[in-house]
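For reference, the structure discussed in these notes is given below.
The values are calculated or read from the model by the stated rules, or taken from the named source; none is laboratory data. All values derive from a computational prediction rather than experimental measurement. In this analysis, Cβ positions are derived from the backbone assuming ideal geometry, glycine residues included, and neighbour counts consider all displayed protein chains. Side chains are part of the model used for accessible areas, which takes the heavy atoms of the whole protein and leaves out ligands, DNA and RNA. Shrake-Rupley method; radii C 1.70, N 1.55, O 1.52, S 1.80 Å.
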Amino acid sequence: MKPNDLSEIVSNDKSHVWHHLIQHKPLQSTDPMVIVEGKGMRVKDINGREYLDAVSGGVWTVNVGYGRESIADAVRDQLVKMCYFSNSAGNIPGAKFADKLIEKMPGLSRVYYSNSGSEANEKGYKLVRQLAAMKNDGKKHRTIFRDRDYHGTTITALSSCGQSQRKDQYGPFTPGFIEMPHCLPYRSANGDDPDFGVQSARELEKIILREDPDTIGSVCLEPVTAGGGVIVPPEGYFETIQEICKKYGVLLHIDEVVCGMGRTGKWFGYQHFGVKPDIVTMAKGVASGYAAISVTVTTEDLFNEFLAEPADTMHYFRDISTFGGCAAGPAAALENMRIIEDENILDNVNKMGDYLMDQLRELQQKYPIIGDVRGKGLFVGAELVKEPATREPVAESVAAAVVADCLKQGVMIGRTNRSIPEFNNTLCLSPALICSKAEIDEIVASIDVALGNLPAQVAPSKSRAEVLA
Ligand SMILES: Cc1ncc(COP(=O)(O)O)c(C=O)c1O
């Protein structure tokens with residue numbers, strides 16, 4: 001094959017690449033999508049077709065958009081100077097990025113590098129287990145997670161997963177994880193209660209008491225649940241969670257893998273709720289996908305628990321992540337952070353996030369199939385239902401048809417899938433944080449067309465007001 005000749009790529013891919021998430025049988029009669037270029041909010045496939053990407057690389061990752069030469073330059077410069085050394089030693093971008101990151105996270109002070117969100121979360125679980133081993137004969141080692149949350153793909157991360165379809169067939173799982181209920185008002189019997197946020201957080205206390213507080217080391221939560229249906233915690237929720245954690249000596253671990261680095265309009269999702277976590281994990285948007293990097297951030301108090309005397313060979317954090325020593329990650333992350341600051345991107349997220357929510361709420365008036373619109377910043381979900389009064393979810397195939405129609409129109413949107421069996425019915429929008437008003441209009445217009453194209457028995461051609469009359 002000649003350089004730049006792409007003709008064999010599709011057949012090479014079909015013959016040898018085992019893709020993530022997708023079924024391969026259909027690829028026996030169709031071709032896989034191969035993305036070859038990206039600039040700003042748009043990507044181009046191998047056939048030259050352009051798409052507007054409303055999902056930041058499919059999974060909430062390319063936060064500052066495609067084709068950022070300054071990030072590529074920062075990575076290149078770093079790699080030719082010093083590509084890798086185990087993180088038992090320091091490196092220049094690692095030290096610089098840790099310092100910049102901690103500036104944005106008052107109350108936290110230590111940054112542990114690894115290379116995926118799953119791994120960052122596992123570090124959090126390991127810290128809790130080792131702390132329990134050192135202080136409580138191992139008893140206080142268990143972690144509570146929440147229905148509908150996701151924390152990663154490894155077996156232990158899956159053991160703390162609140163999405164049953166992600167777990168099915170991958171057991172047996174790691175012991176020591178306990179589930180608490182979700183906090184989605186739209187899908188809760190008491191969701192309309194003004195005190196719902198506090199009530200649903202109180203479920204945590206019930207579980208701690210039921211299980212024995214002496215056995216519970218941490219609770220791990222997404223600030224805004226992502227793949228479980230874009231769930232923004234109701235008022236009072238996180239404040240109550242924090243109070244319960246303090247009362248029972250339970251560490252608060254916030255999984256910012258999706259929300260981190262500006263997705264919700266603040267640097268971190270938890271910063272909307274005034275809580276002070278003990279452990280924060282992040283990955284995807286940390287370097288916007290220009291390099292693989294994840295981090296586990298902790299308080300100085302937690303770090304101090306692991307300060308063993310040098311002669312003590314066991315009571316310090318003996319963990320390692322080989323690629324946590326790749327200097328490309330923090331080099332890309334530093335430049336990514338500079339871009340977010342210099343381009344005033346958080347401001348754009350807040351403005352454009354509000355605009356996107358307004359546009360979707362307008363669409364909701366036109367299409368009763370949109371049961372609920374929810375989100376924060378440029379992280380929005382639209383839950384599809386058979387009719388608004390009953391809130392019965394549409395079949396997964398309906399959400400899939402909308403996504404496919406948008407794709408045909410040249411717009412990539414997302415949806416919940418392989419998550420919760422009867423609730424794979426939420427359209428997900430998470431465009432790059434640089435998204436403009438015109439691009440939001442294009443995204444919403446494509447959803448408008450796709451919903452209009454649904455057969456009448458799925459989406460009656462009446463307005464929401466008429467259906468609810
Ligand atoms: C909230 C959350 N945590 C953790 C992960 C796992 O990250 P990774 O796929 O990088 O292991 C994901 C991935 O989608 C996620 O959405």
Exercise. Accessible area per residue, 1.4 Å probe, Å², for segment 336-469: what's the number?
Worked result: 41
For this session: Enumerate the amide H contacts of S114 below 5 Å, restricted to partners 5 or more residues apart or on another chain; note that Pro and chain-start residues carry no placed amide H.
Result: S294, V295, T296
For this session: Give me the distance in nm between label points sitting 7 Å out from Cα along the Cα-to-Cβ direction at K44 and I102, one decimal.
Result: 4.4
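Of the listed pairs K123/K247; K386/K408; K135/K266; K126/K376; K44/K366; K247/K351, which have alpha-carbon separations greater than 29 Å here?
Working: K123/K247 24 Å; K386/K408 24 Å; K135/K266 35 Å; K126/K376 31 Å; K44/K366 32 Å; K247/K351 38 Å.
Going by Cα-Cα distance, K135/K266; K126/K376; K44/K366; K247/K351 fall outside the 29 Å limit.
I'd like to compare 105-118, 282-295: which one has the highest average count of other Cβ atoms within 10 Å, and what's the full order after that? Each step should come with its number before you reach the end.
Values: 105-118: 19.8, 282-295: 26.2.
Peptide ranking by packing, descending: 282-295, 105-118.
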Problem set entry | Accessible area per residue in Å² at 1.4 Å probe, computed on segment 28-90 | 56
Problem set entry | Between segment 118-172 and segment 323-377, the alpha-carbon center distance in angstrom | 28
Exercise. Normalised by the number of residues in the chain, what is the relative contact order in percent for Cα pairs under 8 Å and 6+ residues apart?
Worked result: 20
Exercise. Counting only residues 5 or more places away or on other chains, whose amide H sits under 5 Å from the amide H of T225 once H atoms are built in the peptide plane?
Worked result: I231
Exercise. Which of the aspartates and glutamates could be linked to K284 by a straight reach, that is with a Cα gap under 13 Å, when you skip same-chain ones fewer than 8 residues away?
Worked result: E119, D255, E256
For this session: Which order do the peptides 224-235, 144-155, 159-170, 204-215 take when ranked by the mean count of other beta-carbon atoms within 10 Å per residue, highest first?
Result: 224-235, 144-155, 159-170, 204-215
Problem set entry | With all protein chains modelled, accessible area of Y84 [1.4 Å, Å²] | 80
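Keeping all protein chains in place, calculate the accessible area per residue for segment 196-269 (probe 1.4 angstrom), answer in Å².
Numbers: 2020 Å² over 74 residues.
It amounts to 27 Å² per residue over segment 196-269.
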Exercise. For I178 and A395 in one chain, what is 0.36 nm times their gap in residues minus the Cα-Cα distance, to one decimal in nm?
Worked result: 75.2 nm
Seminar exercise, completed: Ordering 444-451, 428-435 by per-residue average of other C-beta atoms within 10 angstrom, highest first, gives 428-435, 444-451
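Using only alpha carbon pairs under 8 Å that are at least six residues apart, calculate the relative contact order of segment 160-262 and give it in whole percent. Intermediate values should be presented prior to the final figure.
Working: 96 pairs, mean separation 29.5, N = 103.
That works out to 29 percent.
Taking loop as defined by DSSP and a crowding limit of 13 other beta carbons within 10 Å, which GluC sites (Glu not before Pro) in segment 1-99 fit? Don't skip to the end; give the middle numbers.
Working: sites: E8, E37, E50, E69; in loops: E8.
When the GluC sites (Glu not before Pro) of segment 1-99 are filtered for loop state and at most 13 Cβ neighbours within 10 Å, E8 remain.
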Problem set entry | Rounded, prolate or oblate (a/c below 1.5 giving rounded, otherwise prolate when a/b exceeds b/c) for segment 315-411 by Cα gyration tensor | prolate
Exercise. Once phi is turned into θ = phi - 60°, what whole-Hz ³J(HN,Hα) does the Karplus curve with 6.51, -1.76 and 1.60 give for every residue of segment 92-101, x standing for Gly and Pro?
Worked result: 5, x, x, 5, 5, 5, 4, 5, 5, 5
For this session: Just read off the accessible area of E442 with the full protein assembly in place, 1.4 Å probe, to the nearest 10 Å².
Result: 70
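With the Cα gyration tensor of segment 1-146 giving a ≥ b ≥ c as the square roots of its eigenvalues, does the rule (a/c under 1.5 for rounded; else a/b larger than b/c for prolate; else oblate) give rounded, prolate or oblate?
Numbers: a/c = 2.35, a/b = 1.62, b/c = 1.45.
Prolate.
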Exercise. Taking a probe of 1.4 angstrom, what is the accessible area of L158 in Å², to the nearest 10?
Worked result: 10
Exercise. DSSP beta bridges in the chain, what fraction antiparallel, as a percent rounded to 5?
Worked result: 65
Problem set entry | Inter-part distance where segment 241-290 and segment 58-92 are each reduced to a Cα centre, Å | 23
Exercise. How would you classify the chain from its alpha-carbon gyration tensor, with a ≥ b ≥ c the square roots of the eigenvalues: rounded for a/c under 1.5, else prolate if a/b is greater than b/c, otherwise oblate?
Worked result: oblate
Problem set entry | Fraction of accessible area attributable to carbon and sulfur, the chain (%, probe 1.4 Å) | 53
